[in-house]
């Protein structure tokens with residue numbers, strides 16, 4: 001699917017730097033950035049979920065250790 005991406009001059013410069021640093025086109029740099037951001041968010045959500053489960057499971061022990 002084609003789309004137009006409107007960037008500020010500062011964002012355009014950041015994209016240029018990212019593409020140059022990775023040795024890829026701006027198109028590829030954009031796709032990678034989107035993919036990496038999505039993966040981080042999914043991973044962060046999973047870590048938060050597992051942390052909440054562990055805190056619930058070990059609440060008593062954590063309370064005793066904190067006292």
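Taken together, the values in this text are just the output of simple stated rules run on the coordinates, not laboratory data. The structure presented is a predicted model; accordingly, all values stated were derived computationally and were not measured. Note that each Cβ is placed from the backbone with ideal geometry, even for glycine, and that neighbours are counted across all protein chains shown.
A few remarks follow.
- Structure-based [θ]222 nm, the chain - -39500 (n - 2.57) summed over DSSP H runs of at least 4, per residue, nearest 500: -27500 deg cm²/dmol
- Degrees between helix 9-22 axis and first principal axis of the chain (Cα, 0 to 90, nearest 10): 80 degrees
- The residues 6, 48, when put in order of fewest to most other Cβ atoms within 10 Å, stand as 6, 48.
- Reported label for calculated mean projected area of the Cα convex hull in nm² given (i) 5.8; (ii) 7.9; (iii) 6.6: (ii)
- Which of 22, 63 has the fewest Cβ neighbours within 10 Å, and the rest in rising order: 63, 22
- Principal-axis analysis of the Cα atoms of the chain puts helix 26-57 at an angle of about 10° to the longest axis.
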